[in-house]
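The values are calculated or read from the model by the stated rules, or taken from the named source; none is laboratory data. Only a predicted model underlies this, so the values are computations on that prediction, with no experimental measurement involved. Neighbour counts are summed over all protein chains in view; Cβ atoms, including those assigned to glycine, are modelled from backbone coordinates with ideal geometry.
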Amino acid sequence: MVRQFLLGGVFLSIVAAPAGPAQAAQIDRLTLTAIDVEALFLPDGEWLQGRDYGFKDLDVWMREHWEESIGSFVIHHVEMGMDGSEVNVPVTIHKDVTNGTDFFWDAFQVDLTPDPGSAIIGLTADPSPQFSSVTVADLADGSWSILWETEQDDPGVPIGQTVALDFQFHVDGDIAFKMRETPIPEPAAALLLTIGALPLFRRRSRAIRHQWLPL
């Protein structure tokens with residue numbers, strides 16, 4: 001762009017350099033607080049940035065090695081700060097999850113609950129070779145639920161194998177939310193667990209009834 005100015009009866013021309021593209025927003029701070037990670041194998045008992053999770057630009061990565069039995073879950077609290085005031089900024093979360101439990105994973109569920117004043121916008125999730133079916137539910141209270149499931153020919157996640165789970169959403173500035181994760185066994189395995197627990201439950205029930213029998 002050329003601008004002309006009159007100075008002392010003489011026109012001066014100044015060529016203005018074209019404005020460069022606006023700098024894209026990116027994550028400038030991330031904290032994943034471990035609320036309940038007893039189901040994970042952590043060499044030193046600590047959930048650490050740089051080893052277990054991290055970020056670059058607008059991507060967050062997490063690595064988890066599970067080692068508990070059926071019914072286990074993990075809960076993190078995520079705080080994410082953005083470097084600008086842009087709205088509707090896309091963020092991707094990539095999880096590498098290893099099945100070190102004692103059961104086959106037929107599905108995997110992630111639930112996200114924003115803190116007051118935070119909002120998760122337009123969440124989507126990608127299928128994986130292990131889970132070709134993925135369902136995203138936008139709940140009425142602002143929370144989201146993602147369920148990855150096996151279809152007929154899917155391998156699922158056998159013991160010792162790793163699955164990559166990716167999902168994306170948009171944020172308007174800083175955000176904080178709770179993330180709860182649950183691996184889901186085959187229905188047959190869950191049924192066997194329930195049947196196996198029945199004798200123990202019955203013995204406990206009889207003991208409680210006996211304890212309160214009138215003398």
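Observations
- Long-range neighbours under 9 Å by Cβ, at least six apart or interchain, first residue of a type in the set (Asp, Glu) within the stretch 74-92, second in a loop (DSSP other than H, G, I, E, B) and modelled with pLDDT of 95 or more: Glu79/Asp115
Residue by residue, here is whether (1) in contact with a Gly (Cβ under 9 Å, 6 or more places away or on another chain); (2) among the acidic types (Asp, Glu) holds:
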{"position": "Asp52", "(1), (2)": "no, yes"}
{"position": "Ser72", "(1), (2)": "no, no"}
{"position": "Ile121", "(1), (2)": "no, no"}
{"position": "Phe131", "(1), (2)": "yes, no"}
{"position": "Asp153", "(1), (2)": "no, yes"}
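- Selection count where residues are surrounded by fewer than 16 Cβ atoms within 10 Å (Cβ to Cβ) and not aliphatic (A, V, I, L, M), scope the stretch 145-165: 8
- Looking across the stretch 115-167, just one residue is closer than 27 Å to Ser69 by Cβ, in a loop (DSSP other than H, G, I, E, B) and under 14 Å from the mean Cα position of the chain (by Cα), and that is Ser143.
- The listed residue being of a type outside the set (Gly, Ala, Ser) and crowded, with 18+ Cβ neighbours inside 10 Å, out of Thr92, Thr135, Thr124, Thr98: Thr98
- Residues located in the stretch 87-102, provided they are touching an Asp or Glu at 6+ places or on another chain (Cβ under 8 Å), at negative phi and either part of a loop (DSSP other than H, G, I, E, B) or among the acidic types (Asp, Glu) (or both): Val87, Asp96, Gly100, Thr101
- Flag if Ala164 is closer than 22 Å to Asp59 by Cα and small (Gly, Ala, Ser): yes
- The residue that is surrounded by the fewest Cβ atoms within 10 Å (Cβ to Cβ), counting only those in the stretch 39-65 that are of a type in the set (Asp, Glu) and within 18 Å of the chain's Cα centre (by Cα), is Asp57.
- Filter pass, Thr31 being part of a loop (DSSP other than H, G, I, E, B) and modelled with pLDDT of 95 or more: no
- Residue ID - modelled with the highest pLDDT, chosen from residues in the stretch 66-80 that are surrounded by fewer than 17 Cβ atoms within 10 Å (Cβ to Cβ) and more than 19 Å from Thr113 (Cβ to Cβ): Glu67
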